1. Looking at the range 193-220, which of its residues are small (Gly, Ala, Ser) and open to solvent by 50 Å² or more (accessible area, probe 1.4 Å)?
2. For the range 180-192, indicate whether the set of residues that are among the charged types (D, E, K, R), open to solvent by 60 Å² or more (accessible area, probe 1.4 Å) and in contact with a Leu (Cβ under 8 Å, 6 or more places away or on another chain) is non-empty.
3. Has the range 142-153 got any residue that is open to solvent by 20 Å² or more (accessible area, probe 1.4 Å), touching a Ser or Thr at 6+ places or on another chain (Cβ under 9 Å) and of a type in the set (Lys, Arg)?
4. Filter the range 294-308 for residues that are closer than 11 Å to GLY265 by Cα and either open to solvent by 60 Å² or more (accessible area, probe 1.4 Å) or not hydrophobic (A, V, I, L, M, F, W, C) (or both) and give the result.
5. Inside the range 186-206, can you point out the residues that are more than 16 Å from LYS239 (Cβ to Cβ) and free of Cβ contacts under 8 Å to residues at least 24 places away in the same chain?
6. May I ask you to list the residues in the range 75-119 that are open to solvent by 50 Å² or more (accessible area, probe 1.4 Å), among the small types (Gly, Ala, Ser) and touching a residue at least 24 places away in the same chain (Cβ under 8 Å)?
7. Is the range 243-262 home to any residue that is within 20 Å of the chain's Cα centre (by Cα), of a type in the set (A, V, I, L, M, F, W, C), at pLDDT below 95 and open to solvent by 40 Å² or more (accessible area, probe 1.4 Å)?
8. Tally the residues that are under 21 Å from the mean Cα position of the chain (by Cα) and of a type in the set (Val, Ile, Thr), restricting the search to the range 196-230.
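The values are calculated or read from the model by the stated rules, or taken from the named source; none is laboratory data. Given the structure is predicted, the values throughout are model-derived calculations rather than measurements. Methodologically, a virtual Cβ is constructed for each residue, glycine included, from the backbone with ideal geometry; neighbour enumeration extends over all protein chains shown. Heavy atoms of the whole protein, side chains included, go into the accessibility calculation; ligands, DNA and RNA do not. Shrake-Rupley method; radii C 1.70, N 1.55, O 1.52, S 1.80 Å.
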Amino acid sequence: MINVKFIKSESAKAGEMMQLHNWAQADIIYTRLYNILQLGSNGLHSSKGCFSNVFSGLTPNDVLGILYNKVTCNLNNCDSEQAIRTIGVYKKIERDFGISNSILDTNIDYNEIVAYRRLGKYSKALSLCDKMLAKELNSYVKVKVLITKGSLETDESRQIFGINSLSLALAEAEANGTTALIAECYIEINKMIGTHYPSLGLSFLWKALILYETEHDNGKISLTKSRMALTYFLLWHQKKDDRFIDEARRLVNNEIKREDFAHPGAQYAFDRTKGLITNNVSLLEKSIDFFEGIHAYGEIFITAELLIKTYLDLGNVEEAKKKCCAFRTSSFGN
């Protein structure tokens, strides 16, 4: 017999851990509850309506809440594959009992997109975006999905000035009037055009920075400055003016605090940018190790390319060749 009082007490503790952003400890608790409830067992939830027989006093909605929080912990601990498995259990319970929770379901659907994107499965993530956009969504959620879809379209096509979902996202964000969403659109537009037109991309980053500063969002401010540093680095390559590389290095060395990035993936993405700008191959290597550890294949490819470029910039052609061969024969290169 499951001790319902214990389950709810542990859930409350895990919730407190989440409030403190102690994702690892929260996930330990939710994993323990997951195992107690035997949520990994196939067919456990097939007795539609017999709540007491299945969950011993817990309602399916109680269990959906636990699973939703576990998905949040999975993503914040960079365990995208476990997040997808947990989402599968969540959706199975809904099907088995013929129930739904509109708020949680929307967040679960979006988290599923995030998880597949982090694994580098862009086609799957795009199809999930389309599936979600076909539903009735409030304006805020619609903008978030459109931004994600536009960013994925940019990654897939590598278009410059492509007409994609970012156009719709910005229009909807401006109509919505949410500062953070407008700023996020600017960040993604910079990603689309900044590689080839860094001066124009930088103008969008300044717009984003001003908006994030009004929100006092240190994490997003640091993200924007990190993108600025990368854009100054590109301008230096384009213009051959040392003022740009000096500004890029000033930003990554003095302005941006790694701890402002709450998510480990964002921290290692910053390390990657800093490693590129300062020719620090150790930072790039550590970033690859991290992204390989969480199976974020898209991020591995980006980081590997930058690592090889850095070795070439350092004049170490032999090491660049070795890295090329290593990546070609590695498991994530197949």
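1. Pass one, the range 193-220, residues small (Gly, Ala, Ser): 194, 199, 201, 203, 208, 219.
Once the filter is applied, which keeps residues that are small (Gly, Ala, Ser) and open to solvent by 50 Å² or more (accessible area, probe 1.4 Å), the range 193-220 yields only SER199.
2. Taking every residue of the range 180-192 in turn, none turns out to be among the charged types (D, E, K, R), open to solvent by 60 Å² or more (accessible area, probe 1.4 Å) and in contact with a Leu (Cβ under 8 Å, 6 or more places away or on another chain).
3. From the range 142-153, those open to solvent by 20 Å² or more (accessible area, probe 1.4 Å) are 142, 144, 149, 153; that's our starting set.
Checking which are touching a Ser or Thr at 6+ places or on another chain (Cβ under 9 Å) leaves us with 149, 153.
Then keep just the ones that are of a type in the set (Lys, Arg); that gives 149.
The answer is yes, given that some residue of the range 142-153 is open to solvent by 20 Å² or more (accessible area, probe 1.4 Å), touching a Ser or Thr at 6+ places or on another chain (Cβ under 9 Å) and of a type in the set (Lys, Arg).
4. Narrowing the range 294-308 to residues closer than 11 Å to GLY265 by Cα: 294, 296, 299.
Correct list: GLU299 only.
5. The first filter runs over the range 186-206 and keeps only residues more than 16 Å from LYS239 (Cβ to Cβ), leaving 186-193, 204-206.
Those that are more than 16 Å from LYS239 (Cβ to Cβ) and free of Cβ contacts under 8 Å to residues at least 24 places away in the same chain: ILE189, PHE204, TRP206.
6. GLY98
7. yes
8. Number of matching residues: 2.
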